[in-house]
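First the structure, then my questions, so here it is.
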Amino acid sequence: MTGAGGPDSTSRAARSSEHHVRRRVAIGTGVLVAVVAVAAAVLVPSRAGGPAELAAGNGTSTSLRTGSSTEGSTGASTTSRPATTTSTTSTTSTTPVTTTAPTTGSPLGPQPASITLLFGGDLLPHTPLTAQAARYGHEVNERFDFDPMLAPMKSIISAADVAICHMETPVAPDQAHLSGYPAFGGPVELVDAAKAAGYDGCSNASNHSLDRGRDGIAATLARFDQDGLHHAGTARTAQEASTITMYDVRNVRVAHLSYAYDFNGYKVPADAPWSVNKIDPSRIKADAAKAKAQGADLVVVSVHWGTEYDSNPSPYQRDMAAQILTSPAIDLVIGCHAHVVQPIDQVAGRFVVWGMGNQLANQAAVPRSDGLTAIATAIRGKDGRWRIAGVQGVPTWIEPGSFRVLPVVRTLADPSTPAALRDQLRASYDRSAPTILRDHTPGVTVTPRP
């Protein structure tokens with residue numbers, strides 16, 4: 001198959017859109033393409049669900065790194081399609097924390113008292129993982145099928161009011177020539193799987209953004225458009241780059257910005273300096289102010305940063321967070337890149353998820369198989385201003401061979417979970433939970449283990 005669409009695009013798109021049929025669409029249903037005016041904001045369909053149906057109880061830049069990434073993968077065994085079950089569960093409460101400065105509010109209509117925002121870690125199509133997706137695909141007469149890998153997370157992802165993943169790598173412009181680490185060009189079916197799992201969009205700025213050049217960016221965003229997913233951090237045109245990605249979440253406007261520390265030695269194209277966002281505190285603060293001026297109630301900044309395989313936030317991370325959070329326009333910072341779970345903290349009164357680890361990757365070595373899905377609860381004050389009241393950590397674990405992303409607590413609560421798997425899940429939880437809670441930050445919780 002060649003091209004970003006390919007002969008299987010119709011069936012894949014139809015299946016991946018199943019989740020979105022259940023939504024209440026507040027403004028539009030399609031993707032606003034890059035020809036919109038520079039001052040316009042991209043609005044994303046919102047979910048019908050509220051904060052009550054989530055995951056609890058049941059279930060990047062670094063000054064120390066330059067040059068190529070070390071995001072290699074480990075070997076994987078052949079596995080048949082797993083039987084998966086999903087369920088919808090409720091969230092634990094969090095302690096409200098004062099967070100943000102005044103905003104203009106939304107003119108869209110009545111707003112709820114609270115909303116939930118979910119964020120997932122790195123999606124990395126290493127070659128063994130893609131090979132397993134080909135085996136799953138063969139069983140359903142498709143080229144690749146990543147859906148079984150993300151299926152255990154679907155009810156958690158879908159229950160949030162808005163869900164944003166981190167698509168760390170581009171798709172291959174020519175789908176007949178895929179590649180894995182170190183210069184990724186993945187299958188378009190991974191984008192389809194993110195949609196099918198319930199994600200509304202993704203951050204796209206990463207150290208791998210330029211692995212396949214501008215053609216890779218264009219092919220990736222074309223598939224996002226086809227699937228009705230929104231994106232931030234990379235762009236096909238200057239106009240698209242200057243447009244703030246704005247989610248309409250039950251009449252609450254949530255702006256999403258995305259930046260990366262560097263691009264593994266690839267130079268940002270001189271004729272397209274807008275094609276990918278590099279971390280620059282002044283630029284980030286200006287973009288956040290622009291988003292608030294355009295009516296954002298909340299501004300979320302995704303940053304690809306940190307020292308790989310280190311659960312401690314690096315001095316660079318701490319310095320960048322301190323610099324950008326001098327802006328009162330930024331409400332939440334979400335980190336990726338380290339491939340291990342890092343703590344959730346507060347800086348200048350705002351929550352910072354330093355790093356969520358891998359959501360889906362072929363890095364089986366402990367603790368790289370652990371992940372964190374972060375669920376932020378935002379509340380509306382009596383004055384109409386929105387703030388992030390707390391962040392819940394949902395530990396996840398990637399099952400070797402099958403590459404199923406398992407929500408640890410919910411899988412432990414399932415009586416059919418085998419004893420050997422339970423042991424691995426408990427060990428994963430006992431690594432992740434203390435890391436997430438390391439700084440004892442008020443408003444930060446972890447799904448309790450049964």
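The values are calculated or read from the model by the stated rules, or taken from the named source; none is laboratory data. Because the structure is predicted, anything quoted here is derived from the model rather than measured. Here Cβ is always computed from backbone atoms with ideal geometry, including for glycine, and neighbour counts include all displayed protein chains. Ligands, DNA and RNA are stripped out before the accessible areas are found, and what is left, the full protein with its side chains, is counted by its heavy atoms. Shrake-Rupley method; radii C 1.70, N 1.55, O 1.52, S 1.80 Å.
Of all residues in the range 299-326, count the ones that are open to solvent by 10 Å² or more (accessible area, probe 1.4 Å), touching a helix residue (DSSP H, G or I) at 6+ places or on another chain (Cβ under 7 Å) and not in a loop (DSSP other than H, G, I, E, B).
So the count comes out to 2.
Here's a follow-up. Which condition number does ASN251 fail, the rest of (1) of a type outside the set (A, V, I, L, M, F, W, C); (2) at positive phi; (3) within 17 Å of the chain's Cα centre (by Cα) being met?
(3)
Enumerate the pairs (first residue in the range 171-200 and among the aliphatic types (A, V, I, L, M); second residue anywhere and modelled with pLDDT under 95) with beta-carbon separation below 7 Å, excluding pairs fewer than 6 apart on the same chain, so at least 6 apart or on different chains.
Going by the 7 Å Cβ cut-off, the qualifying pairs are VAL171/ALA4; ALA176/MET1; ALA176/THR2; VAL188/ALA4; VAL188/GLY6; ALA196/ARG15; ALA196/SER16; ALA196/HIS19.
Answer with yes or no whether ASP227 is surrounded by 17 or more Cβ atoms within 10 Å (Cβ to Cβ), at pLDDT 95 or above and in contact with a strand residue (DSSP E or B) (Cβ under 7 Å, 6 or more places away or on another chain).
Spelling it out, it is not the case that ASP227 is surrounded by 17 or more Cβ atoms within 10 Å (Cβ to Cβ), at pLDDT 95 or above and in contact with a strand residue (DSSP E or B) (Cβ under 7 Å, 6 or more places away or on another chain).
In contact with a helix residue (DSSP H, G or I) (Cβ under 8 Å, 6 or more places away or on another chain), part of a loop (DSSP other than H, G, I, E, B) and surrounded by 22 or more Cβ atoms within 10 Å (Cβ to Cβ), is that true of ALA329?
So ALA329 passes the test.
Quick check on SER203: is it touching a Gly at 6+ places or on another chain (Cβ under 7 Å), modelled with pLDDT of 95 or more and surrounded by 24 or more Cβ atoms within 10 Å (Cβ to Cβ)?
So SER203 fits the description; yes.
Looking at THR116 and the list (1) touching a Pro at 6+ places or on another chain (Cβ under 9 Å); (2) part of a loop (DSSP other than H, G, I, E, B); (3) of a type outside the set (Phe, Trp, Tyr), which single condition is not satisfied?
(2)
Consider SER179 against the criteria (1) under 26 Å from LEU372 (Cβ atoms); (2) open to solvent by 10 Å² or more (accessible area, probe 1.4 Å); (3) hydroxyl-bearing (Ser, Thr, Tyr): it satisfies all of them except one. Which criterion is unmet?
For SER179, the exception is condition (1).
Looking for whichever is under 20 Å from THR116 (Cα atoms), assigned to a loop (DSSP other than H, G, I, E, B) and more than 18 Å from the chain's Cα centre (by Cα) here; the options are ALA272, ALA296, ALA291. Which one fits?
Of the residues listed, the single one that is under 20 Å from THR116 (Cα atoms), assigned to a loop (DSSP other than H, G, I, E, B) and more than 18 Å from the chain's Cα centre (by Cα) is ALA296.
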